[in-house]
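The block underneath contains the structure these notes are about, expressed in structure tokens.
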Amino acid sequence: PEDTVTSSFASFIHAARPEHLSQTVRQRSKRMILDSIGVGLVGSTTRVFDIALRYCRELYSSVAVSSVYGKPGVKLSPTLAAFTNGVATHSMDFDDTWHPATHPSGAVLPALLAASQMLPPNTKPNGLDFLLAFNVGLEVQGRLMHFSTEAHDIPKRFHPPSVVGTLGSAAATAKLLSLSSAQCGHALGIAASLAGAPMANAATQAKPLHVGNATRLGLEAALLAARGMEANPLILDDIPGCSGFSAFYSVYQPKPLSTPGEHHEFLLEKQDIAFKRFPAHLGMHWVVDAALSVRNLFINYAGSFSPSLIRTIMLKIPVSKYINRPFPSSEHQARHSFQFNACAALLDGEVGLGSFSESSIHRQELRELLDKVVVEHPEDNVANFDKMYGEVALLLHSGDVLTGKCDTFYGHWRKPLSKESLLKKFRSNASHVLPEEKIEAIITLVDNLETLSDSSQL
């Protein structure tokens with residue numbers, strides 16, 4: 001049938017044109033692309049990335065045409081390059097976050113970078129085509145998440161980028177490859193059969209695989225659809241008694257997607273993206289800003305930060321089991337621990353790349369602070385990135401209480417990073433693997449992406 005939810009998504013992917021992107025959408029998405037590349041570059045220095053890269057290089061042989069973050073001269077097949085770069089992007093949990101909750105760029109950008117190098121010279125997409133495909137991938141992810149009230153809260157069952165990210169990657173790649181409307185629908189259907197990863201693997205080395213697989217498998221779905229593979233044409237519709245995409249959500253109420261044009265507004269137009277200032281789960285950014293606030297109060301009170309004066313550290317945070325970790329023992333657990341990030345901020349006055357090293361995690365003075373932490377879950381503090389807050393209170397031996405609270409951290413979509421802050425983050429991340437001239441060249445390429453004649457240059 002022509003009037004199904006699935007067919008409307010397929011038609012949208014096929015019909016989207018560069019002129020449908022407003023200036024706001026272009027600028028916001030270019031910020032995302034630049035940040036994601038920087039996060040991927042610094043992520044290429046991690047152990048989990050090395051494991052993924054070694055796996056790809058040792059176990060697979062194929063036409064190696066696509067580049068790998070941070071590894072000059074190394075090329076892999078397009079799907080494996082997408083996988084490896086996706087792992088790099090999420091290896092530190094440093095990548096962007098949207099609402100409802102997912103990591104949108106890491107699931108899409110590596111697939112497009114790999115695919116742009118895969119295509120023959122006379123069919124290379126230009127920068128505007130690349131930007132459009134990227135935004136199609138974002139739009140599909142956002143619309144799918146808005147079909148479920150469950151998706152608006154911090155997830156409990158499936159890691160969102162492994163679900164919507166896989167279909168976003170398929171949609172973006174289908175657009176870049178100029179697939180027909182029918183093929184776009186089949187790409188989404190195939191991707192749905194390749195999607196999904198459980199939240200239990202959060203805070204482990206397996207979590208970055210969720211983004212790596214999403215971008216790789218979405219690319220594969222589009223390539224299979226381009227070669228004639230078909231899937232259920234009602235995959236996004238709510239069919240009683242036969243789950244399609246609804247299998248991933250307990251509440252699922254899909255709506256058709258309007259044809260792009262004057263009556264369609266991209267979700268990125270309505271809501272910006274959250275960019276992280278330090279490499280940890282998004283929820284940590286509330287408690288860190290609250291901890292830094294109360295730390296300043298404490299220094300004004302006592303003259304310096306003296307942990308011996310503190311009897312109890314009270315955290316008021318939302319209920320979310322996988323990020324409530326009193327005593328993390330690894331870097332990945334620490335990135336998903338309200339307690340650790342609050343105490344690291346209190347002790348050091350900042351949280352950064354070095355905060356999650358083995359030596360930093362196992363410091364005696366940090367462990368002593370963790371021993372003082374007590375957690376409360378106020379009813380008004382819901383597990384939702386648009387509504388939650390972080391509060392850190394220091395109960396002193398003197399009987400005094402100092403409190404810091406954060407409703408919106410710097411970097412949240414309500415309080416976006418400035419251009420200067422974003423460029424500082426990118427330069428810092430990229431400097432771990434690239435010389436200055438290449439860093440500045442990437443900034444210039446992304447800033448002028450609409451005028452790039454061959455997007456594979458990126």
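The values are calculated or read from the model by the stated rules, or taken from the named source; none is laboratory data. The model shown is predicted, which means the values in this text are computed figures rather than measured ones. So basically every Cβ, Gly included, is an ideal-geometry build from the backbone, and we count neighbours across all protein chains shown. Just the protein is used for accessible areas: all its heavy atoms, side chains included, with ligands, DNA and RNA removed. Shrake-Rupley method; radii C 1.70, N 1.55, O 1.52, S 1.80 Å.
Tabulated results
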| quantity | calculated |
| --- | --- |
| Residue in region 416-429 that is touching a strand residue (DSSP E or B) at 6+ places or on another chain (Cβ under 6 Å) and in contact (Cβ under 8 Å) with a residue 24 or more places away in the chain present | no |
| Residue count, region 181-220 (criterion: in contact with a strand residue (DSSP E or B) (Cβ under 7 Å, 6 or more places away or on another chain) and open to solvent by 30 Å² or more (accessible area, probe 1.4 Å)) | 2 |
| Looking only at region 150-180, and only at residues there that are over 22 Å from HIS281 (Cβ atoms) and surrounded by fewer than 24 Cβ atoms within 10 Å (Cβ to Cβ), the one that is farthest from the chain's Cα centre (by Cα) | SER180 |
| Helices (runs of 4 or more DSSP H) within region 355-458 that include 1 or more residues surrounded by 14 or more Cβ atoms within 10 Å (Cβ to Cβ) and outside the structural domain of ARG295 (by the TED database) | 419-430, 436-447 |
| ARG335 being in contact (Cβ under 8 Å) with a residue 60 or more places away in the chain and closer than 23 Å to THR89 by Cα | yes |
| Subset of region 1-33 (residues that are among the β-branched types (Val, Ile, Thr), in a helix (DSSP H, G or I) and modelled with pLDDT under 90) | VAL5, THR6 |
| Single match in VAL319, VAL294 (criterion: in contact (Cβ under 8 Å) with a residue 60 or more places away in the chain, out of contact with any Phe, Trp or Tyr (no Cβ under 8 Å at 6 or more places or on another chain) and open to solvent by 20 Å² or more (accessible area, probe 1.4 Å)) | VAL319 |
| Cβ-Cβ under 8 Å pairs, at least 6 apart or on other chains, region 191-210 side not assigned by the TED database to the domain that holds THR102 and β-branched (Val, Ile, Thr), far side surrounded by fewer than 23 Cβ atoms within 10 Å (Cβ to Cβ) and part of a strand (DSSP E or B) | none |
| Region 78-91 residues that are without any contact (Cβ under 8 Å) to a residue 40 or more places away in the chain and not assigned by the TED database to the domain that holds GLN117, paired with ones that are polar (S, T, N, Q) and open to solvent by less than 10 Å² (accessible area, probe 1.4 Å) (beta carbon under 6 Å, 6 or more apart) | none |
| Hits in region 34-55 (condition: within 14 Å of ALA206 (Cβ to Cβ) and not aromatic (Phe, Trp, Tyr)) | THR46, ARG47, VAL48, ILE51, ALA52 |
| Close pairs (7 angstrom Cβ cut-off, 6 or more residues apart or separate chains): closer than 17 Å to ALA114 by Cβ and of a type in the set (Val, Ile, Thr) in region 155-171, open to solvent by 10 Å² or more (accessible area, probe 1.4 Å) and part of a helix (DSSP H, G or I) anywhere | THR166/LEU217 |
